[in-house]
Every structure is written in structure tokens, then in C-alpha cells.
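Input: a single structure, listed below in C-alpha cells.
The values are calculated or read from the model by the stated rules, or taken from the named source; none is laboratory data. Fair warning: this is a prediction, and the values are worked out from it, not measured in the lab. Neighbour counts run over all protein chains shown; Cβ positions are idealised from the backbone, glycine included.
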Amino acid sequence: MIELSPRALLVTGGCGFIGSNFVRYWLAQHPQSHVVVYDKLTYAGRKKNLADLWEDARLKLVVGDIGDLDLVRATCQQENIDLIVNFAAETHVDQSILGPLVFTDTNVRGTHVLLEVARELGLRLHHISTDEVYGHIRDDHQSVETDELAPRSPYAASKAAADQLVQAYAITYGLPVTITRGANNVGPYQYPEKAVPLFATNAILGEAIPVYGDGLQMRDYAHVHDHCTGIETVLLRGEIGEVYNVGTGREMTNLDMVDIVLDTLGKSHDLVRHVTDRPGHDRRYSMNVDKLRELGWQPKYDPREAVAEAAKWYANNRAWWEPIRNGEFREYYEKQYAERLAGSVR
Ligand code: NAD
Ligand code: TYD
């Protein structure tokens with residue numbers, strides 16, 4: 001097996017949840033590396049997610065949109081980039097239901113622009129995808145990398161379109177690409193629109209926990225650390241042109257996840273409210289991760305530990321999330337939950 005070792009990385013979306021965890025992890029593991037974070041700093045991207053690292057000479061920030069071909073090209077040329085790792089995306093299913101067009105702009109066209117720059121400059125591109133591209137999965141199956149894509153939300157459809165563009169560039173132009181498809185990640189710096197940080201912060205504030213529908217939907221809640229080591233494994237030892245699933249391979253119901261959050265925080269289960277379901281809500285995601293394991297990777301956290309660790313981080317880092325919850329997030333929360341909570345049941 002050839003071990004490749006990229007030196008200069010353009011990490012798009014590096015100020016977001018997974019991207020910032022990845023940058024921190026990568027620089028710690030690869031001291032000779034140079035990382036340029038390229039980020040539009042949308043509501044989900046925060047410079048302070050990497051506050052401890054901006055003084056590090058190996059790290060630089062370029063604020064920009066991945067759809068800006070000239071800026072992406074100029075940045076890659078000036079910084080002698082040899083690998084683009086694309087985390088940049090609009091990432092929340094509920095936001096994609098409220099306002100879907102920006103998902104196509106960033107997730108589809110933006111990825112396409114990165115592919116064009118990679119083609120022009122002869123760069124490798126690693127694309128971060130999601131298990132949501134497989135659609136919802138029947139009880140007796142786990143998604144494997146060769147399964148057909150069957151996305152069902154605007155978010156998932158935009159991610160699936162991006163995956164297919166990445167694969168088309170590999171086939172048509174021989175572009176050196178790899179793709180990882182991650183399960184639901186949890187851990188530090190996740191914007192509180194997503195279920196685990198939303199439930200944890202609501203519980204800490206003593207507010208209702210809005211569970212969509214019956215709460216029996218199933219997700220593989222994986223710790224972001226294990227996603228980062230999975231991506232690193234593929235960057236170093238993955239086969240060019242291949243796709244790798246990254247998750248724990250074990251899923252739980254949302255109600256089980258809520259129990260772990262509330263028990264970890266010592267909060268009452270009376271906070272739980274069943275609210276109107278998400279339209280087109282995928283019932284179950286489940287991935288087989290053997291292909292990545294065959295490269296020598298294994299997750300450190302089981303899903304229960306991952307959720308509990310994430311809940312604890314929110315309990316210990318109020319200074320990170322309180323300004324978000326007290327700011328622009330309130331408007332979104334009102335729109336998404338006010339009516340639902342008014343009509344909720346225990
Ligand atoms: P996030 O929403 O926390 O962060 C996204 C980042 O991308 C932000 O920093 C934002 O400013 C930046 N961004 C958005 N639009 C941009 C644009 N047009 N140009 C440049 N930067 C832009 O997302 P996340 O949860 O960290 O997800 C990162 C990647 O992982 C995404 O591609 C997502 O689809 C994928 N993924 C996420 C999960 C999950 O559970 N969160 C699971 C599997 C895969
Ligand atoms: P989320 O974190 O949005 O991830 P995804 O939809 O991409 O899997 O949601 C995780 C699960 O939690 C999903 O089944 C939807 C559910 N959910 C709720 O029940 N209530 C909520 O308020 C949110 C945001 C999610």
C-alpha cells in the first residue's frame with residue numbers, strides 16, 4: 001500500500017464543525033504540514049473555532065466562497081497547494097427544506113468549481129460526503145460504497161450531485177480524487193441547529209426537547225474525532241478514485257440518543273416533546289464501514305460514548321454556544337420550532 005503524504009492542504013469549510021476539528025487534528029499529527037483554511041464564514045463558520053491556532057505559522061485563513069473560481073485558483077497557486085479537502089457546504093437538512101437554493105449553489109456548483117481548479121492545476125481533491133446520499137435504509141441492510149445513491153432531501157440531493165461530479169471528473173479527466181461518506185457526527189463546535197447540540201443546549205437551559213415524530217428514526221452518531229482519523233486514513237492510504245464510508249457501523253434511535261443526553265446532563269426526561277415531523281424524514285441511516293477498517297482504521301468511541309462526550313462538551317463550553325443561541329440563531333429557532341412546540345405532545 002502506498003502512503004501518500006500531502007504537505008500543503010486547502011481545507012475548505014475549515015471554520016465549521018468538522019473542518020475545524022480536522023484542521024486541529026491534522027496539524028497536531030503532521031507537524032510539517034501547511035494548512036490554508038478557505039471559508040466563507042457563513043452562520044455556521046466561526047473563526048473562533050480555531051482560536052487556539054491562528055497564531056500558528058502553519059495555518060492561514062482565506063475568507064472566500066468556493067464558488068469563486070478566480071480566488072480558489074489564486075489561493076491554490078500562491079500557497080502551493082497539493083491537496084484540496086472539501087468540507088465546505090450548507091449542511092442542515094431543516095435549513096435545506098426552508099431555503100434550498102443555496103444548497104445547490106455551494107454544495108453542487110461550489111464543488112464543481114473546486115474540481116475545475118484541481119483539474120487545471122493538477123491537484124488531488126478529497127471530498128467530504130455523507131451517508132444521507134444513500135437515502136433511508138431498510139432494516140436488513142447497511143449501505144456499502146457501491147450502493148446506488150437515493151437522496152431524499154434537498155441537502156442530500158445536493159451532496160449526491162457533488163459526489164457524482166467528483167466521480168465523473170475521475171472517470172473523464174483521470175483527476176485523482178477520493179470521497180468519504182460520514183455518518184452523523186457529534187462533538188465540539190457543532191452548531192446548535194443539529195439534533196445533539198440542540199438537545200444538549202436546550203436541556204442545559206431547561207427548555208423543551210423537540211423530537212420529530214415518534215423519535216424512532218435511527219442514526220449512527222459518530223464522534224467527530226473518529227471522522228477525522230477516518231479522513232486522515234484515506235488521505236494517507238486510501239486508493240485513488242475510491243469511496244469510503246466513515247461511521248461506527250452501529251445506529252440507535254433518536255429517543256435513545258435523547259436519553260443519553262439527558263442522563264449525561266442530569267436533566268429530567270419530562271423535557272421531551274414530540275413535535276410535527278420533518279417532511280420526508282429519513283427513517284434510518286446505517287453504513288457498513290469494513291472498507292475503511294481494511295485500511296487499518298477503527299473508531300475510538302462507540303455511539304453512546306460519542307453522544308455523552310458531546311453533551312458534556314456543551315455543558316463545559318457555554319461561552320462558545322451562548323452567544324450563538326442569543327444571536328441570529330433565535331430567528332431560525334422561532335421559525336423552525338415555535339409552532340411545532342405550541343402543538344407538541346409529551
Ligand atoms: P458546518 O455547517 O458546521 O460547516 C460548514 C462550513 O462551510 C462553515 O465553516 C461555512 O462557513 C463553510 N461554507 C459554507 N458555504 C461555503 C462556501 N460557499 N464557500 C466556502 N465556505 C463555505 O458543517 P459540518 O457539519 O462541519 O460539515 C462539514 C462537511 O461534512 C459537509 O460537507 C457536510 O456535508 C459533511 N458531513 C457532515 C456531517 C455531520 O454530521 N455534520 C456528517 C457527514 C458529512
Ligand atoms: P440532524 O442532527 O438534523 O441530522 P440529520 O437529519 O442530518 O440526520 O438530526 C438528527 C436526527 O434527529 C434526525 O433523525 C432528525 C432528528 N431531529 C429531531 O428529532 N428534532 C430536531 O429538532 C432536530 C434538529 C433533529
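Of the residues that make up region 248-256, is at least one within 16 Å of ligand 1 (Cβ to nearest atom) and at positive phi?
Checked region 248-256: at least one residue is within 16 Å of ligand 1 (Cβ to nearest atom) and at positive phi.
Let me confirm something: among 129, 96, which residue is within 15 Å of ligand 2 (Cβ to nearest atom), in contact (Cβ under 8 Å) with a residue 24 or more places away in the chain and buried (at least 24 other Cβ atoms within 10 Å of the Cβ)?
Within the list 129, 96, the selection yields 129.
Read through the list (1) closer than 23 Å to residue 288 by Cβ; (2) of a type outside the set (Asp, Glu); (3) surrounded by fewer than 21 Cβ atoms within 10 Å (Cβ to Cβ), then give the number of the only condition that residue 222 fails.
Evaluating residue 222 over (1) closer than 23 Å to residue 288 by Cβ; (2) of a type outside the set (Asp, Glu); (3) surrounded by fewer than 21 Cβ atoms within 10 Å (Cβ to Cβ) leaves (3) as the failure.
Contact list please: Cβ distance under 6 Å, first residue in region 195-208 and more than 10 Å from ligand 2 (Cβ to nearest atom), second residue of a type in the set (Ser, Thr, Tyr), pairs at least six apart or on different chains.
200/314; 201/314
Taking region 7-35 only, how many residues are of a type in the set (A, V, I, L, M), touching a Lys or Arg at 6+ places or on another chain (Cβ under 8 Å) and surrounded by fewer than 24 Cβ atoms within 10 Å (Cβ to Cβ)?
Number of matching residues: 1.
Select, from 102, 85, 36, 62, the only residue that is assigned by TED's automatic domain parsing to the domain that holds residue 233 and either within 16 Å of ligand 2 (Cβ to nearest atom) or closer than 18 Å to residue 229 by Cα (or both).
After ruling out the rest, the residue left standing is 85.
Test each condition in (1) of a type in the set (D, E, K, R); (2) near ligand 1 (Cβ under 8 Å from one of its atoms); (3) touching a Phe, Trp or Tyr at 6+ places or on another chain (Cβ under 9 Å) for residue 48 and report the one that comes out false.
Of (1) of a type in the set (D, E, K, R); (2) near ligand 1 (Cβ under 8 Å from one of its atoms); (3) touching a Phe, Trp or Tyr at 6+ places or on another chain (Cβ under 9 Å), only one is false for residue 48: (2).
Can you list the helices (runs of 4 or more DSSP H) found entirely within region 210-329 that contain at least 1 residues being within 20 Å of residue 195 (Cβ to Cβ)?
Answer list for region 210-329: 224-237, 254-265, 303-316, 318-326.
Restrict the check to region 230-247 and report whether at least one residue is assigned by TED's automatic domain parsing to the domain that holds residue 103, surrounded by fewer than 24 Cβ atoms within 10 Å (Cβ to Cβ), over 19 Å from residue 298 (Cα atoms) and modelled with pLDDT of 95 or more.
yes
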